[in-house]
Each structure stands twice: as structure tokens, then as C-alpha cells.
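Engineer: First, the structure itself, so that you have it in front of you.
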Amino acid sequence: MDLRRLEVFAKVAELGSFSRAAEALYLTQPTVSEHVRALEDELGVQLLDRLGRGATATRAGQLLLGYAHRMLALAREAQQALDQFQGRMSGELVIGGSTIPGEYVLPALLGAFKAKYPDISVSLLIGDSRQVSEWVEQGRVEIAVVGARPASRALQSRELMPDELVIVVPAGHPWATRKTVTLDELRREPMVVRERGSGSRQAIEHVLEEASLSLSAFRIVGEMGSTQAIKQAVRAGVGIALISRRAVEDECRAGLVACVKVKDLKVARSFHLLTHRDRTRSPLAQAFVDFLESQPLDRASQAV
């Protein structure tokens, strides 16, 4: 199988569009279509259903996609190993991040890493913690940072850095001038939360469980698919939220929202660095792991 054809097929399947894949790969749409058609002819099976302007993987395409990710990752690893043998560090590093570390922690770290190795390119894929964990397991990304420890035994997890959950309220809210509120007060307020599967949602459920509570004991008025949507909902007065301090520091400093602590609730959590337990890391991925471990992130390094 031609690796370039596999790369084009995988990009169409991931983006759900021939035109978006063409843009991402700097190809024309007819060229993308021809690569996919040639791969389907070679394998004798239809890999993608063409649905209007979109495309979705068939069952055969879904089966091939997992292998494609692993084959492409192995090709990158081979190139990086040869570059390292010649005293260079180059290639593409593909990192996964759940919403909070992906949007508020990893970009700065990747920037510093890129400054150290200017010949590399980096790709940061962002999803919820469950989705990102699956990407590591499938081989789509080699390394990820998520807000919840994964359930899969195929993944190795180590605590990377601490985080803290805070109550976020609109600037004009009665709590905006307070430093703390009680858990009983919190239960009476309308609240917006992240969707199921997100690390932030799991973190909230965990801290409430330690207080012998569940989200059903609160006035949940909305579920949002991103932390940015949560912040906008709070500013619009939809409800208050319990989210990562890292995600709202800028808005709190600017006075757009206010951050309040819950004095009778333990709200600490950690971000976790994920790698596959049985897959060999590429030289570039290992260099990034070493780079993270050299940073003053106040992390625990115990692997589980």
C-alpha cells in the first residue's frame, strides 16, 4: 500500500470532507479524490461513503483507519530515527490534549519545545479526555495530556501538573466580591457543566463523590461541549460553573468574571501525561516527554 494514499484517505476520514482534506494536505480536491479512488481500487473495497459534500468511513474504512494511523506513525518514527542518527531532530510531532491542557497549557510548552528544535513541526489535536485517550490507544497520537486518568490498561499515565477547580460567576453576581462560598450555597445556584466524557466533568464528579454528593444534587441548567462555551454562558448569566482555574485566569484578571472558592469542598486535581504502554516512542516523542519532565510543573511522576 502506498503511504501517501493512506495519508490522504486518513485525512479525509478524520475531517469528513474531501475539500477540507485537500486544504490540509495542500492538494487539489481532484488529486485527493484520485488518491482515495486508487486505494479503493487496489484493495477492492469501498473505504468512504460520499455524502453530498461530506465523506464518512465505511466499516471497511474504519477497519483500515486504525492500521493507517499506525503505519503512518511508524513511517514518521523511521524518518526521525534516521535524522537522529545523523545528529538532527526533525519530523512531525503529533500531540493530543483534552480541552483545558490542550487550549491553556500545551501551546506554550509546544512553543518552547519548537524553539529548542526549530526543524520539527507540531500538530496538536484537541478533544475530550475519553476521545484523546482513544487516540493514544489507536496510535493516532503518541503522547497526550488529559484532565482525567484513563481506564484503559493499555495506556501508561503519570501525573504531570496540578490543577484547581474554582467557582466562576458573572461580574455582577452577589458572590463576585466574596472569596469563598459554602457547598450548601452552591447547591442552590443554577449551574452549567461540561458534557459527559470530558476530564472537567469527571473531575467535578470525583470531588463531589468525595463529599458524598453527585451532580443530581445540584441545579444543572445546561451542559456545554467546550470550556469556552461554559465561560460565555456564565458571562451571559445562564448559570455559574465549576471549572479549571487555568481556563479562566485571564477573564478573572480582566474583571469579566469572578473566581470564588468552595471552602468545604476539595477541588484539587491533576493533568495526566499519557503514552501507550507497549508501543515504542519515536525519538521526537521521547524528546518531548523528556522536555516535559525537565519543566518546573510541580508534577508527580509516578507511573500507573
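Just so it is clear, none of the values below were taken in a lab; they were calculated from the coordinates. Keep in mind that this is a model prediction, so the values were computed, not measured. Backbone-built Cβ (ideal geometry, glycine too); neighbour counts: all protein chains shown.
Engineer: Which residues, taken from the stretch 211-238, are under 25 Å from the mean Cα position of the chain (by Cα) and within 15 Å of E185 (Cα to Cα)?
Structural biologist: Passing the criteria: L215, I220.
Engineer: Here's something else I'd like to know. Tell me, please, whether a residue that is among the basic types (K, R) and either touching a strand residue (DSSP E or B) at 6+ places or on another chain (Cβ under 8 Å) or farther than 21 Å from A73 by Cα (or both) can be found in the stretch 3-14. If you could, list the steps in order and put the result at the bottom.
Structural biologist: Quick first cut of the stretch 3-14, residues among the basic types (K, R) only: 4-5, 11.
Subset that is either touching a strand residue (DSSP E or B) at 6+ places or on another chain (Cβ under 8 Å) or farther than 21 Å from A73 by Cα (or both): none.
No, the stretch 3-14 contains no residue that is among the basic types (K, R) and either touching a strand residue (DSSP E or B) at 6+ places or on another chain (Cβ under 8 Å) or farther than 21 Å from A73 by Cα (or both).
Engineer: Still on this structure, I have one more. Within the stretch 251-295, can you find the residues that are in contact with a strand residue (DSSP E or B) (Cβ under 8 Å, 6 or more places away or on another chain), farther than 29 Å from S212 by Cα and small (G, A, S)?
Structural biologist: S282, A285, listed by residue number.
Engineer: Hey, among D264, D290, D278, D250, which residue is in contact with a helix residue (DSSP H, G or I) (Cβ under 6 Å, 6 or more places away or on another chain) and surrounded by fewer than 17 Cβ atoms within 10 Å (Cβ to Cβ)?
Structural biologist: Numbers: D290 fails: in contact with a helix residue (DSSP H, G or I) (Cβ under 6 Å, 6 or more places away or on another chain); D278 fails: in contact with a helix residue (DSSP H, G or I) (Cβ under 6 Å, 6 or more places away or on another chain); D250 fails: in contact with a helix residue (DSSP H, G or I) (Cβ under 6 Å, 6 or more places away or on another chain).
Exactly one residue qualifies, and that residue is D264.
Engineer: OK, next. Considering only the stretch 125-146, how many residues are touching a Gly at 6+ places or on another chain (Cβ under 6 Å) and part of a strand (DSSP E or B)?
Structural biologist: Of the residues in that region, 5 qualify.
Engineer: Just checking, which of R76, R5, R70 is charged (D, E, K, R), touching a helix residue (DSSP H, G or I) at 6+ places or on another chain (Cβ under 6 Å), assigned to a helix (DSSP H, G or I) and touching a residue at least 24 places away in the same chain (Cβ under 8 Å)?
Structural biologist: R5
Engineer: Looking for something touching a residue at least 40 places away in the same chain (Cβ under 8 Å), assigned to a loop (DSSP other than H, G, I, E, B) and buried (at least 21 other Cβ atoms within 10 Å of the Cβ) - is there at least one such residue anywhere in the stretch 192-199?
Structural biologist: Yes, some residue in the stretch 192-199 is touching a residue at least 40 places away in the same chain (Cβ under 8 Å), assigned to a loop (DSSP other than H, G, I, E, B) and buried (at least 21 other Cβ atoms within 10 Å of the Cβ).
Engineer: With the condition kept exactly as written, say whether any residue in the stretch 242-253 is hydrophobic (A, V, I, L, M, F, W, C), out of contact with any Ser or Thr (no Cβ under 9 Å at 6 or more places or on another chain) and either assigned to a helix (DSSP H, G or I) or within 22 Å of R149 (Cβ to Cβ) (or both).
Structural biologist: Yes, that holds for at least one residue.
Engineer: If I ask for residues that are assigned to a helix (DSSP H, G or I), of a type outside the set (D, E, K, R) and surrounded by fewer than 19 Cβ atoms within 10 Å (Cβ to Cβ), which ones from the stretch 8-45 would you list?
Structural biologist: Residues satisfying the conditions are L15, S19, A24, L25, Q29, P30, T31, A38, L43.
Engineer: For the stretch 203-225, indicate whether the set of residues that are among the β-branched types (V, I, T), surrounded by 13 or more Cβ atoms within 10 Å (Cβ to Cβ), assigned to a helix (DSSP H, G or I) and out of contact with any Pro (no Cβ under 8 Å at 6 or more places or on another chain) is non-empty.
Structural biologist: yes
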